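The values are calculated or read from the model by the stated rules, or taken from the named source; none is laboratory data. Not measured: the values here are computed from a predicted model. Here the Cβ positions follow ideal geometry from the backbone for every residue, glycine too, while neighbour counts run over all protein chains shown.
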């Protein structure tokens, strides 16, 4: 569901402020929960690449040198940190503010679309996934990793409790599973799915079929 204007403005302010501490906080989860997921995702990117919810640019160092990278994010403060990171590591990338619900690109613009730990905080993640599929070229790949609804009932109970606080505060969800929408509504074909850490983390690769 799309947010109201007030919700969108509040969440945008939240993520602008969060940019100051984001790297340190997500770093804990990268080490203890997500493992090598960023490297796993980025190593599969080829050609013209779009990263949705690029954040502070934590993935920039993991992409192959020969990709042409575009990154979008809702938060301008996150993007400023991503731009500084790109300059520091010598990574050429187009980093721009944009709404994942309405990507500012033509149909079939990219060979690879990537999103890491971003769909959980995009208000209408189904619409964002539909947009990601739209901008993929035939034969192109969608590569995702996110925290999702756990396979363990006690963990799901904790996730429901967390959402009572995190959804109003930051629009952050813990009980989503992007795979369900990809299978049912995007026209993409699933190539690979991996889940680990009690099903909390899911990585997947899908592709857009080439028309006969």
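If I go through the stretch 13-45 residue by residue, how many of them are over 17 Å from residue 203 (Cβ atoms) and in a loop (DSSP other than H, G, I, E, B)?
Residues flagged as over 17 Å from residue 203 (Cβ atoms) and in a loop (DSSP other than H, G, I, E, B) within the stretch 13-45 amount to 3.
Any residue in the stretch 156-182 that's on the phi > 0 side of the Ramachandran plot: show its pairings with residues that are surrounded by 15 or more Cβ atoms within 10 Å (Cβ to Cβ) at Cβ separation under 7 Å, as long as the two are six or more apart or on different chains.
171/3; 171/11; 171/121; 171/123
If I filter the stretch 178-202 down to residues being under 15 Å from the mean Cα position of the chain (by Cα) and either at pLDDT below 95 or crowded, with 20+ Cβ neighbours inside 10 Å (or both), which single residue comes out as nearest to residue 133 (Cα to Cα)?
Going residue by residue through the stretch 178-202, those that are under 15 Å from the mean Cα position of the chain (by Cα) are 178-179, 181-182, 201-202.
If we keep only those that are either at pLDDT below 95 or crowded, with 20+ Cβ neighbours inside 10 Å (or both) too, we end up with 178, 181-182, 201-202.
Working: 178: 13, 181: 11, 182: 9, 201: 22, 202: 19 Å.
Ranking the candidates gives 182 first.
Could you list, in sequence order, the residues of the stretch 38-59 that are within 26 Å of residue 134 (Cβ to Cβ) and surrounded by fewer than 22 Cβ atoms within 10 Å (Cβ to Cβ)?
Across the stretch 38-59, the qualifying residues are 38, 40, 43, 44, 46, 47, 48, 58.
Assuming residue 87 fulfils every condition listed in (1) within 20 Å of residue 137 (Cα to Cα); (2) over 18 Å from the mean Cα position of the chain (by Cα) apart from one, which condition is it?
(1)
Of all residues in the stretch 105-119, which are outside any strand (DSSP E or B), touching a strand residue (DSSP E or B) at 6+ places or on another chain (Cβ under 8 Å) and surrounded by fewer than 20 Cβ atoms within 10 Å (Cβ to Cβ)?
Those that are outside any strand (DSSP E or B), touching a strand residue (DSSP E or B) at 6+ places or on another chain (Cβ under 8 Å) and surrounded by fewer than 20 Cβ atoms within 10 Å (Cβ to Cβ): 105, 108, 109.
Could you look through the stretch 122-155, keep only residues that are assigned to a loop (DSSP other than H, G, I, E, B) and free of Cβ contacts under 8 Å to residues at least 60 places away in the same chain, and pick out the one that is nearest to residue 29 (Cα to Cα)?
148
Can residue 90 be described as in contact with a strand residue (DSSP E or B) (Cβ under 8 Å, 6 or more places away or on another chain) and at positive phi?
No; evaluated as a whole, the condition is false for this residue.
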